[in-house]
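Please treat every number below as a calculation from the coordinates, not as lab data. Since this is a predicted model, take the numbers as computed values, not measurements. Every residue, glycine as well, gets a Cβ built from its backbone with ideal geometry; the counts of neighbours run over all protein chains shown.
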Amino acid sequence: MRIALLAAATVTTLALTACGTTSSPSSSPTSATPVVPTTSTAKQAVAVLASASGSLVSGSVTLTPMGKGLHLTGEVGGLPANGTHAFHIHEKGDCSAADASSAGPHFNPFNAAHGKAGSGAHHAGDMNNLTANADGVAKVDAHIEGVTLGGAAVNDVAGRALIVHAAPDDYASQPAGNAGARVACGIIKVTQ
Ligand code: CU
Ligand code: ZN
């Protein structure tokens with residue numbers, strides 16, 4: 001009987017080895033695509049952007065839950081005329097450093113690579129570039145999916161930082177799109 005069991009175990013091992021190149025028999029469910037929470041408990045937040053890195057950039061952005069994410073509206077001024085600027089949500093709601101490095105890296109609760117929102121892998125905090133007009137003002141009218149406002153889910157952006165960069169995001173370079181200095185920073189504060 002003992003010999004029969006050993007033989008059976010050997011056959012099983014061989015079978016597992018044969019198909020072992022594709023997946024391990026005990027692959028854990030945590031390696032699957034994460035379930036993204038969509039329920040926001042807050043109705044609105046505002047980020048007042050103050051200059052950083054010696055820039056003249058400032059502004060205000062209102063965030064409102066909409067669909068599977070948030071809608072952002074507002075204005076950023078003091079930019080170079082007709083420039084293009086990276087715009088992200090960063091992990092920490094701390095704009096205290098002169099260069100806003102205190103805000104940490106891009107908000108990335110699902111451990112993704114940096115990229116372009118809406119097309120393949122990207123950080124939860126990645127958004128499209130802002131474009132300034134001839135007066136150096138960029139109108140913000142953006143939608144970001146996959147994040148919530150309030151409720152403390154893993155993808156909750158309340159209390160995190162909104163940042164404008166000196167250069168455009170190339171949507172490819174790691175870890176932050178080669179976007180240059182942080183020229184404005186504001187903490188996302190729930191108002192309603
Ligand atoms: Cu950024
Ligand atoms: Zn990113």
Item to check | Largest-first ellipsoid semi-axes for the stretch 45-190, taking √(5λ) over the Cα gyration tensor eigenvalues, angstrom | outcome: 21, 16, 15
Checklist entry - Under a Cβ-Cβ cut-off of 14 Å, what is the net charge of the residues other than residue 114 that fall near it, where Lys and Arg count +1 and Asp and Glu count -1? => result -3
Item to check | Karplus-derived HN-Hα couplings along the stretch 143-155 (A = 6.51, B = -1.76, C = 1.60, θ = phi - 60°), whole Hz, x at Gly and Pro | outcome: 10, 10, 9, x, 10, 10, 10, x, x, 6, 5, 4, 9
Checklist outcome for this item: Phi-derived 3J(HN,Hα) across the stretch 99-116 with the Karplus relation (6.51, -1.76, 1.60, θ = phi - 60°), rounded Hz, x for Gly and Pro, is 9, 6, 5, 4, 6, x, x, 4, 5, 8, x, 10, 6, 9, 7, 5, x, 10
Checklist outcome for this item: Taking a straight Cα-to-Cα line shorter than 18 Å from residue 189, and setting aside same-chain aspartates and glutamates fewer than 8 residues away, one finds 75, 91, 94, 156
